[in-house]
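Heads up: the structure comes next, in structure tokens.
The values are calculated or read from the model by the stated rules, or taken from the named source; none is laboratory data. Keep in mind the model is a prediction, meaning the values are calculated, not measured. Here the Cβ positions follow ideal geometry from the backbone for every residue, glycine too, while neighbour counts run over all protein chains shown. Surface areas here come from the heavy atoms of the whole protein model, side chains and all, with no ligands, DNA or RNA. Shrake-Rupley method; radii C 1.70, N 1.55, O 1.52, S 1.80 Å.
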Amino acid sequence: MPTTTTEQGALTVIVEIKRGEKSNLNKLLKDIKDNVDKDDCRIDFSQLTKVHFMRWVVLDEVPLGSGEAFPAQLVLSTNYDLPLKDHLEELVTVGGATMQAIYSHCVGYEIGTNLYNYLTQPQYNSKPNAFYIGTPGLGVALIRREKAFREGIQRFLDRPDSAIAPGPDAAQRAVEGMSLRVRMQAFVLHDDKLRWASEPEVERPSKLRRIATGLLFVLVVLFVAFVALCLFVPRFAPVPGWALPVAGAVLVVALILFLVGFVVVWLQVLKVKENAPDEKGDPVTIDADRIGKLTASEDRLVQNQLTHLADIKSGWFRLATLRIVLAFINFMALNYYVHGTLYGIPTIHFGRWVVIDKGRRLLFFSNYDGSWVNYLGDFIDKAAPGLTAIWSNTVGCPKSQGLYGEGATDEQRFKSWTRNHQIITQVWYSAYEDLTVDNIHNNHKIRVGLFGNLNAAEEQAWLSLL
């Protein structure tokens with residue numbers, strides 16, 4: 001059977017915590033966090049077959065004045081293999097009594113009632129406004145199998161008879177390299193645990209190509225319909241033959257002028273807002289105690305996580321601008337940045353922006369490789385315009401210029417602001433904690449390339465992955 005790929009999704013469930021229950025909930029979550037990778041953990045996360053990454057985060061109550069406040073809330077975030085129904089059913093089953101105990105501290109749920117129905121209520125589910133996948137199409141099961149396959153190949157390579165003798169003749173080494181691949185194929189085909197890797201790979205269709213094809217089809221249909229109108233309407237109605245083409249041209253020009261005018265007005269309004277006195281951004285501050293709490297759980301694995309929460313600037317204009325920017329980034333992330341890098345950054349497994357609390361706050365989740373410092377550094381060096389376009393619409397972010405200029409390029413201020421708005425993640429789980437994005441893609445290329453139809457140059461490139 002061919003090896004099939006799996007689409008991934010992002011689940012965000014946000015529920016209000018009952019009054020007086022936050023402390024008890026935090027104790028329960030801390031116990032899970034302290035034992036998340038141990039056999040005696042309250043939840044046996046190893047039984048989850050569809051979860052890539054998972055976290056619980058507690059959002060503190062925030063007074064807003066005039067008796068209004070953001071209530072204390074519990075956020076469940078997962079990156080999972082579709083379909084959602086199978087993922088949630090598995091999560092509720094594996095979570096069992098512990099998950100019921102967690103949500104018994106939340107408004108609207110009591111132990112013994114149907115937890116699946118509770119978690120799927122529309123008012124608790126927030127769809128991501130922008131969602132990036134660093135390993136598209138590679139499900140949890142396949143990632144784990146390809147890791148085991150890579151380890152099996154390594155065992156073969158560690159054998160004395162697998163070595164290529166060194167020599168100055170490049171052509172001879174190429175022949176020996178091809179011979180090595182043939183011997184590896186034989187090794188895999190004779191190993192019951194590895195033989196599955198010889199199954200053909202089903203190529204993932206390009207979403208961007210499908211969208212472009214669909215758009216082109218619509219434009220052709222509209223053009224043909226317009227030409228037909230111009231040719232046939234004058235035959236049945238007293239309309240001059242030149243009237244419809246002229247009307248169509250006027251309509252197109254009017255639409256273009258309207259869009260240009262809209263953009264010009266929008267940019268002028270944005271410029272006024274960017275030059276307001278309160279647009280300098282938060283001062284650079286270092287809270288050692290806060291940073292200590294955040295870093296206590298970082299750099300324990302090759303992977304890290306970040307949860308970030310910021311207030312969206314008041315007024316419909318900023319919220320609308322943010323939603324437009326996120327919609328564009330979402331389109332690009334799901335249709336263009338599909339080869340393991342986002343703006344040239346190869347270390348992000350999953351990233352997600354979610355507008356919450358009726359458009360008043362922006363929540364960001366990231367699962368990434370390496371240290372926080374390197375991660376932020378990569379973002380600033382390679383994706384500063386994108387960062388600025390998003391977070392310049394939130395309170396305290398360094399001042400932007402023209403939506404995407406300046407902003408995140410004020411490196412120290414931006415890093416300080418990011419740390420100050422980063423919040424503690426109570427529980428975090430990774431299904432493959434020792435794998436980087438690069439590891440996952442290399443394992444996949446090794447598995448696919450072993451039995452793939454490669455020319456000599458491609459074969460040498462494939463051998464360099466081993």
Quiz prompt | Estimated dipole of the stretch 352-396 in Debye, rounded to 20 [Cβ of Lys and Arg +1, of Asp and Glu -1, Cα centre] | solution = 300 debye
Self-check item: Charge-dipole axis of the chain as Lys and Arg at +1 and Asp and Glu at -1 on Cβ define it, positive-most pick from L59, G96, Q185
Solution: L59
Quiz item: Once Rh is set to the Kirkwood radius over Cα pairs, what Stokes-Einstein translational diffusion coefficient, in µm²/s, holds for the stretch 345-386 at a temperature of 37 °C and a viscosity of 0.692 mPa s?
Solution: 285 µm²/s
Quiz item: Where nothing but the Cβ of Lys and Arg (+1) and of Asp and Glu (-1) is charged, how large is the charge dipole of the stretch 251-332 around its Cα centre, in debye to the nearest 20?
Solution: 300 debye
Quiz item: If you roll a 1.4 Å probe over the chain with all protein chains in place, what percent of the accessible area is carbon or sulfur?
Solution: 61 percent
Self-check item: DSSP-assigned coil residues among trypsin sites (Lys or Arg not before Pro) in the stretch 343-376, each with at most 12 further Cβ atoms within 10 Å
Solution: K358
Practice problem: Using only the C-alpha atoms of the stretch 320-457, find the volume of their convex hull and express it per residue in Å³. | Solution: 151 Å³
Practice problem: Quick one: what are the phi-derived ³J(HN,Hα) couplings along the stretch 63-76, Karplus 6.51/-1.76/1.60 with θ = phi - 60°, whole Hz, x for glycine and proline? | Solution: x, 10, x, 6, x, 9, 7, 6, x, 5, 9, 10, 10, 9
Quiz item: Given Cα pairs under 8 Å that are at least 6 residues apart, what percent is the relative contact order of the chain?
Solution: 23 percent
Practice problem: Give me the distance between the Cα centres of the stretch 397-412 and the stretch 14-33, rounded to whole Å. | Solution: 36 Å
Quiz prompt | the chain: translational diffusion in µm²/s, Stokes-Einstein, Kirkwood Rh over Cα pairs, 10 °C, 1.306 mPa s | solution = 61 µm²/s
Quiz item: Counting alpha carbon pairs within less than 8 Å and at least 6 residues apart, what relative contact order, in whole percent, applies to the stretch 38-104?
Solution: 36 percent
Exercise. Could you work out how far apart the two model spin labels at E199 and S464 are, taking each label as a point 7 Å from the Cα in the direction of the beta carbon, and quote it in nm?
Key: 3.1 nm
Quiz prompt | Inter-centroid distance (Cα atoms) of the stretch 96-141 relative to the stretch 45-71, Å | solution = 11 Å
Exercise. Please work out the FRET efficiency for the pair S66 and A186, using the Cβ-Cβ distance as r and a Förster radius of 51 Å; give the result to the nearest 0.05.
Key: 0.10
Practice problem: Leaving out ligands and nucleic acids, note down the accessible area per residue over the chain with a 1.4 angstrom probe, in whole Å². | Solution: 52 Å²
Quiz item: Sorted by mean Cβ packing within 10 Å, highest first, what order do the peptides 293-300, 45-52, 31-38 take?
Solution: 45-52, 31-38, 293-300
Quiz prompt | Contour excess over end-to-end distance, with Cα ends at Q268 and K27 and 0.36 nm allotted per residue | solution = 81.7 nm
Quiz item: When the gyration tensor of the stretch 273-372 is built from Cα positions, what are the square roots of 5 times its three eigenvalues, in whole Å, from largest to smallest?
Solution: 26, 22, 12
Self-check item: Most positive-pole-ward Cα, L334, V265, W353, against dipole of the stretch 258-401 from beta carbon charges
Solution: V265
Self-check item: Theoretical FRET efficiency, 1/(1+(r/R0)^6), r = Cβ-Cβ of A228 and F258, R0 35 Å, to 0.05
Solution: 0.85
Self-check item: Ordering of 444-451, 81-88, 325-332 by burial proxy (mean other Cβ atoms within 10 Å per residue, highest first)
Solution: 444-451, 325-332, 81-88
Quiz item: From the phi of every residue in the stretch 286-297, what ³J(HN,Hα) in whole Hz does the Karplus formula 6.51 cos²θ - 1.76 cosθ + 1.60 yield, where θ is phi - 60° and glycine or proline is x?
Solution: 10, 9, 4, 5, 5, 4, x, 5, 6, 7, 4, 10
